[in-house]
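Engineer: Before anything else, here's the structure in question.
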Amino acid sequence: MHYANTEHPENDPAYKGLSVNEGVGQVPAINPYQTARRKRHDYNASQFTEAILSGDISMLSQAVTLIESSLPEHQVIAQEVIEKCLAFAGKSCRLGITGVPGAGKSTFIEALGMTLIRQGHKLAVLAIDPSSERSKGSILGDKTRMEELSVAKNAFIRPSPSAGSLGGVARKTRESIILCEAAGFDTIFVETVGVGQSEISVHSMVDFFLLIQLAGAGDELQGIKRGIMEMADGIAINKCDGSNIEKALVAKTQYQNALHLFPAPDSGWSPNVLTCSSVENKGIHEVWNMVEQYIQFVKSNGFFDSKRNSQAKYWMYESINEQLKNNFYQNSKIQKLLLDAEKQVLSNEVSSFVAAKKLLDHYFEK
């Protein structure tokens, strides 16, 4: 049978009572009303510095991205920006915040952060977020948990993935502190997401180290390593609300008694244990008062400046170690020798220590 309508045979007179309308044409893939996206301008170090000193948050974010970048050309600009901003840094109160997972660190930071912003402070929150060793991915969920603080005018929240190199991200966080201080932030929070070696790194870049604890989760004194408790300048037992108040008060007494067993810190300060509720916003002012009292105490006895000088020296040596390590593994000659060294170690031809010494000798050409 031959149909008169070849495009839609259903419209042929042979099919009585049936008709098919013409379809809608293909929509163009590109929106004709969309303006072309502007290419990001490549700023130099002086432009970055000028914008940061004027309080430009967008440029501050871009500068921190350069610090976190592993590209050599980005690092050159980043280090120049840091050097230019160094003279304008150092005037903030740096608070390190750590605690076991689930202790409510993010909720506490938002409660304390909003309290400070209402008092007229400018707050930057830098979070070290451990990356997955398998996928190298990172959740970076702090901004989603701090809903009110993340949109506050005088707040800047920046999570940084560790990407498997805690020393590297800690160094970058310290450099980010310098830029944030130059941008006018008078209070810096450095949060560790999780427990472990990150506490040591954070302790070496802050003025006050606060341990957030949780009562009612088992044996309180076993809940955290002794080393972290010895580093703490103060302990805040969070979630002291509802049916948990009695447990929090018992935990407070236990921690206070435990702190008396530790050697006196070099600062001469006796760490305090306080209770608070981030949800009900109770005890938050008291925690900040403790921080202010500590800063005033260590400034009066000279420990504040002494500690910052020690931290600067510590990070100089850490940077040397990090740079040597990176240069060693990026050396083309070493990269070729590494596989042979691995095979010799696995076949028991040489020991791990001898293989390492040979590689280092080749690197330094002894």
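Engineer: Test of understanding: among Ile177, Ile109, Ile117, Ile157, which residue is within 29 Å of Ser54 (Cα to Cα), at pLDDT 75 or above and more than 16 Å from the chain's Cα centre (by Cα)? Talk me through it step by step, then tell me what you get.
Structural biologist: Values: Ile177 fails: more than 16 Å from the chain's Cα centre (by Cα); Ile109 fails: more than 16 Å from the chain's Cα centre (by Cα); Ile157 fails: more than 16 Å from the chain's Cα centre (by Cα).
Exactly one of Ile177, Ile109, Ile117, Ile157 is within 29 Å of Ser54 (Cα to Cα), at pLDDT 75 or above and more than 16 Å from the chain's Cα centre (by Cα), namely Ile117.
Engineer: OK, next. So, restricting to helices (runs of 4 or more DSSP H) that lie completely within segment 258-351, which ones have at least 2 residues that are closer than 26 Å to Cys93 by Cβ and touching a residue at least 24 places away in the same chain (Cβ under 8 Å)? Walk me through it before giving the result.
Structural biologist: Working: elements: 284-300, 303-330, 332-346.
It comes to 284-300, 303-330.
Engineer: Now for a separate question. Which residues, taken from segment 274-304, are of a type in the set (D, E, K, R) and out of contact with any strand residue (DSSP E or B) (no Cβ under 7 Å at 6 or more places or on another chain)?
Structural biologist: Glu280, Lys282, Glu292, Lys299
Engineer: Could you tell me whether Ile320 is under 27 Å from the mean Cα position of the chain (by Cα), surrounded by 12 or more Cβ atoms within 10 Å (Cβ to Cβ) and of a type outside the set (Gly, Ala, Ser)?
Structural biologist: Values: under 27 Å from the mean Cα position of the chain (by Cα): yes; surrounded by 12 or more Cβ atoms within 10 Å (Cβ to Cβ): no; of a type outside the set (Gly, Ala, Ser): yes.
Judged against the criteria, Ile320 is not a match.
Engineer: Hey, could you check segment 239-273 for residues that are in contact with a strand residue (DSSP E or B) (Cβ under 6 Å, 6 or more places away or on another chain) and of a type in the set (Gly, Ala, Ser) and say which is surrounded by the most Cβ atoms within 10 Å (Cβ to Cβ)?
Structural biologist: Across segment 239-273, the extreme among qualifying residues is Ala251.
Engineer: Just wondering, is there one or more residues in segment 306-327 that are hydrophobic (A, V, I, L, M, F, W, C), in contact with a helix residue (DSSP H, G or I) (Cβ under 9 Å, 6 or more places away or on another chain) and modelled with pLDDT of 90 or more?
Structural biologist: If we filter segment 306-327 for residues that are hydrophobic (A, V, I, L, M, F, W, C), which is where we start, we get 312, 315-316, 320, 324.
Within this subset, residues satisfying the condition of being in contact with a helix residue (DSSP H, G or I) (Cβ under 9 Å, 6 or more places away or on another chain) are 315.
Subset that is modelled with pLDDT of 90 or more: none.
Within segment 306-327, not a single residue is hydrophobic (A, V, I, L, M, F, W, C), in contact with a helix residue (DSSP H, G or I) (Cβ under 9 Å, 6 or more places away or on another chain) and modelled with pLDDT of 90 or more.
Engineer: Shifting gears a bit: Search segment 188-222 for residues being at pLDDT 80 or above and of a type in the set (Asp, Glu), and hand back the single one that is surrounded by the most Cβ atoms within 10 Å (Cβ to Cβ).
Structural biologist: Checked segment 188-222; the qualifying residue surrounded by the most Cβ atoms within 10 Å (Cβ to Cβ) is Glu191.
Engineer: A further question follows. Search segment 238-252 for residues that are assigned by TED's automatic domain parsing to the domain that holds Thr107 and pair each with any residue that is crowded, with 16+ Cβ neighbours inside 10 Å and charged (D, E, K, R) when their beta-carbon atoms are under 9 Å apart and the residues are at least 6 apart or on different chains.
Structural biologist: Here the result reads Asn238/Lys105; Cys240/Lys247; Cys240/Lys252; Lys247/Glu220; Ala248/Lys239; Ala248/Asp241; Val250/Glu220; Ala251/Glu220, each pair linking segment 238-252 to a residue that is crowded, with 16+ Cβ neighbours inside 10 Å and charged (D, E, K, R).
The values are calculated or read from the model by the stated rules, or taken from the named source; none is laboratory data. Everything numeric in this text was worked out from a predicted model, so none of it was measured. Every residue, glycine among them, receives a Cβ derived from its backbone with ideal geometry; neighbour counts consider all protein chains shown.
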